[in-house]
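Visitor: Below is one structure. I have some questions about it.
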Amino acid sequence: MTHIAFIGLGNMGGPMASNLVKHGHHVVGFDLSTDAGARLVAGGGKTAGSIADAIDGAEIVITMLPAGNQVEEVYTGASGILAHMPAGALLIDCSTIDVATARSVAAVAAEKGFSMLDAPVSGGVTGAEAATLTFMVGGTAEAFAKAEPVLDVMGKTVVHAGDAGSGQAAKICNNMILGVSMIAVSEAFALADRLGLDRQKLFDISSQSSGQCWSMTTYCPVPGPVPTSPANRHYLPGFTAAMMLKDLRLSQEAAKASGSSTPLGGHAMEIYTRFCDAGNAGLDFSGIFRSIRKSAD
Ligand code: NAD
């Protein structure tokens, strides 16, 4: 049993922390929202009233926060983790944030003598609940070896991507593929509708052909072919369009900073910007199908 502090108990962090409890770990959570800890407590975990209380005695601290500014604040702020951290504890940030912040916070942690990993995930809320997430991990090999048994409890694939920041680099590259492929699959279904091709037939063929991809086979953006996809529940998230836009922005900032050419990633960011600006930010990102289908009308 490991004593783990878990900061950020939202859509992802909540079920991830609960899976740690199920595997016998001693988990103390903290979230700004008091409601967020309810599931953890129901599952046998504990919650604390502050970061300092949550991390007291912890061997490992895991964070799952919205974006880079919250990660910076929670680690380096006056009442943050590094100000109260027990010596020797391992820090793991699972949030999706920009590479530069991941590297700078890890550097501050290292200056204070702590090992820190960036370990963003893929797999969504379903993966968090089912403990089938993919972890992409940046940091030292020693820290990775220490973290791996704990990450294994919350996921099915855990990959050491390289030094600090490499997990975030992998995540934004992966999600740029996802944003582009979701738009491509949605355009194909909208075209099929126009051509009088049955949606199920397109799915039966493309899911077994060269058009096969996760956006088609696991997260199909039209209702019917994949019963578990958000399209079957009015595009309730899931993974919100706002989160997808955040990741596409991170990918384009990283592309600009590194001098990379990513025209499709840039166009996907524009398409999701328009979708979010039209009041759809809280919908699942696969809801982009509806606006693509509509713009063809
Ligand atoms: P969420 O908004 O549901 O949860 C974030 C939680 O952090 C909230 O409960 C919020 O109250 C808490 N929080 C914010 N600031 C805090 C602070 N200073 N101290 C303590 N708690 C604080 O978001 P989520 O969907 O769980 O996503 C978390 C991260 O995971 C994001 O970086 C997101 O990009 C990434 N992610 C999400 C998904 C998904 O499908 N939702 C998939 C992969 C990765």
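Visitor: From the set of residues in region 152-186 that are surrounded by fewer than 23 Cβ atoms within 10 Å (Cβ to Cβ) and of a type in the set (D, E, K, R), which is farthest from residue 246 (Cα to Cα)?
Guide: 152
Visitor: Evaluate region 119-140: report whether one residue or more is more than 30 Å from residue 214 (Cα to Cα) and out of contact with any Lys or Arg (no Cβ under 8 Å at 6 or more places or on another chain).
Guide: Scanning region 119-140 turns up at least one residue that is more than 30 Å from residue 214 (Cα to Cα) and out of contact with any Lys or Arg (no Cβ under 8 Å at 6 or more places or on another chain).
Visitor: Could you list, in sequence order, the residues of region 119-157 that are in contact (Cβ under 8 Å) with a residue 40 or more places away in the chain and either more than 15 Å from the chain's Cα centre (by Cα) or in the same structural domain as residue 240 (by TED's automatic domain parsing) (or both)?
Guide: Residues satisfying the conditions are 143, 146, 147, 150, 153.
Conditions (1) at negative phi; (2) in contact with a helix residue (DSSP H, G or I) (Cβ under 6 Å, 6 or more places away or on another chain); (3) away from the ligand (no atom under 12 Å from the Cβ), marked per residue:
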residue	(1), (2), (3)
130	yes, no, yes
134	yes, no, no
143	yes, no, yes
170	yes, no, yes
178	yes, no, no
181	yes, yes, yes
186	yes, yes, yes
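Visitor: OK, next. So in region 88-97, with the set limited to residues that are on the phi < 0 side of the Ramachandran plot and more than 10 Å from the ligand (Cβ to nearest atom), which one is surrounded by the fewest Cβ atoms within 10 Å (Cβ to Cβ)?
Guide: 89
Visitor: Show me the helices (runs of 4 or more DSSP H) found entirely inside region 1-87 where at least 3 residues are touching a residue at least 60 places away in the same chain (Cβ under 8 Å) and more than 8 Å from the ligand (Cβ to nearest atom).
Guide: Per the criteria, 13-22.
Visitor: Hey, can you tell me all the residues within region 234-286 that are in contact with a Phe, Trp or Tyr (Cβ under 8 Å, 6 or more places away or on another chain) and either basic (Lys, Arg) or in a helix (DSSP H, G or I) (or both)?
Guide: Of everything in region 234-286, those that are in contact with a Phe, Trp or Tyr (Cβ under 8 Å, 6 or more places away or on another chain) and either basic (Lys, Arg) or in a helix (DSSP H, G or I) (or both) turn out to be 241, 243, 244, 245, 248, 272, 285, 286.
Visitor: Provide a single number: the residues in region 116-126 that are surrounded by fewer than 20 Cβ atoms within 10 Å (Cβ to Cβ) and either closer than 20 Å to residue 3 by Cα or out of contact with any helix residue (DSSP H, G or I) (no Cβ under 8 Å at 6 or more places or on another chain) (or both).
Guide: Residues flagged as surrounded by fewer than 20 Cβ atoms within 10 Å (Cβ to Cβ) and either closer than 20 Å to residue 3 by Cα or out of contact with any helix residue (DSSP H, G or I) (no Cβ under 8 Å at 6 or more places or on another chain) (or both) within region 116-126 amount to 1.
Visitor: Another question about this same structure. Restricting the search to region 7-45, which residues are modelled with pLDDT of 95 or more and either in the same structural domain as residue 238 (by TED's automatic domain parsing) or hydroxyl-bearing (Ser, Thr, Tyr) (or both)?
Guide: 18
Residue-by-condition table, conditions (1) at pLDDT below 95; (2) outside any strand (DSSP E or B):
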position	(1), (2)
126	yes, yes
135	no, no
147	no, yes
159	no, no
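The values are calculated or read from the model by the stated rules, or taken from the named source; none is laboratory data. The structure presented is a predicted model; accordingly, all values stated were derived computationally and were not measured. Because the Cβ atoms are built from the backbone with ideal geometry, glycine has one as well, and the counts that use them run over all protein chains shown.
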